[in-house]
């Protein structure tokens, strides 16, 4: 999962990146892009690792991408950089202070939203121009693609971002366009140290997934030891770190969940879409497992904890065999039987 961090200059994108990744960037490198990869905290993985004592324990991972040259309005380069991201985190300034005027969070949100819509309009209009030329030259065109592009054009001209049209945004024929306004987005309001409240939402163009972060506090927290962090969390009434909260929100935003594989060699968390079938989960591990899929041995994490061991779970009948069409549940522990 790759999440791109966007926002206007002065919104605190670098601060948020450092808070989320615990990666403190050197000063004087504003023209560079940065990627931070972090493990997804999951107590279930820790417990399974203690139970099976594997040679390796592998957590799911999240990549946070901070593009270069952010904050420059009408800069198309930023959108080209984040087109391959699975989702976007829009950092919105909601603090004042020296050198800053009064924050206007919803104006800022709506303005950048318009920039995303414009970026997609440019892509569509260029493509439709080429299609019209092909028509004049009597070349064959894909009528379904042409229709989908026009539908996108209509929504964007009405200032509706494509993420608000999920069926259209996920259309197979449009996948290669990687429209930025189609990306799921989290609005992250960067507040003052003593402000935990969301700003007034009545002027927001669209209802969005949103949350508050006190960026400077969270940046400091990211640099502390575990013991210092516990004291800090209590002092400032922070129930969970920004990293934990944003990851949880991102999983929900993208409709993701985890399943596990366990054994003496490795305990590992795998990330899949909610509603995925057993054969899809097999493919996440390796295409050969999907190709030679026979059965999936499935045991839910909760049933394992209740039984104590997989052998006891089998005796209780909670370890079961499932076929290709079984819908995987969050926390399933799966052993795939396959033959290639």
Discussion item. Given contacts defined as C-alpha pairs under 8 Å and at least six residues apart, what's the relative contact order of the chain, whole-number percent?
Written reply: 19 percent
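Could you tell me the calculated FRET efficiency between residue 234 and residue 178, based on Cβ-Cβ distance and R0 = 51 angstrom, to the nearest 0.05?
0.75
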Discussion item. Explain nothing, just the number: relative contact order of region 275-338, from Cα pairs under 8 Å at least 6 residues apart, as a whole percent.
Written reply: 50 percent
Worksheet item: How do the peptides 8-19, 154-165 rank, highest first, by the average count of neighbouring beta carbon atoms within 10 Å per residue?
Response: 8-19, 154-165
Worksheet, complete the sentence: The Rg/Rh figure for the chain, Cα atoms and Kirkwood Rh, to two decimals is 1.02
Worksheet entry | Tensor-based shape of region 37-159 (alpha-carbon gyration tensor, a/c under 1.5 rounded, otherwise prolate or oblate) | oblate
Worksheet item: Hey, rough spin-label estimate for residue 144 and residue 322, points 7 angstrom out along Cα→Cβ, what's it come to in nanometres?
Response: 3.0 nm
Worksheet item: What is the spin-label model distance, in nm, from residue 33 to residue 295 if the labels are put 7 Å beyond Cα along the C-beta direction?
Response: 4.7 nm
Worksheet entry | Relative contact order of region 27-156, pairs being alpha-carbon contacts under 8 Å that are 6 or more residues apart, as % | 18 percent
Fill in: Value in Å of the Kirkwood radius, where region 275-338 supplies the Cα pairs that are averaged
11.8 Å
Discussion item. Taking 51 Å as R0, compute the FRET efficiency from the Cβ-Cβ separation of residue 159 and residue 309 and round it to 0.05.
Written reply: 0.35
Worksheet, complete the sentence: Taking alpha-carbon centroids only, region 221-297 lies from region 96-156 a number of Å equal to 33 Å
Worksheet entry | Cα→Cβ-extended label distance, 7 Å offset, between residue 61 and residue 287, nm | 2.1 nm
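Using the per-residue mean of other Cβ atoms lying within 10 Å as a proxy for protection, in what order, highest first, do the peptides 116-124, 304-312 fall?
116-124, 304-312
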Response to the item:
Quick calc, residue 24 & residue 125: beta-carbon distance into FRET formula, R0 51 Å, rounding 0.05, result 0.75
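Computed from the coordinates by the stated procedures, all read-outs in this text should not be read as laboratory data. Because the structure is predicted, anything quoted here is derived from the model rather than measured. Cβ atoms come from the backbone with ideal geometry, glycine included; neighbour counts cover every protein chain shown.
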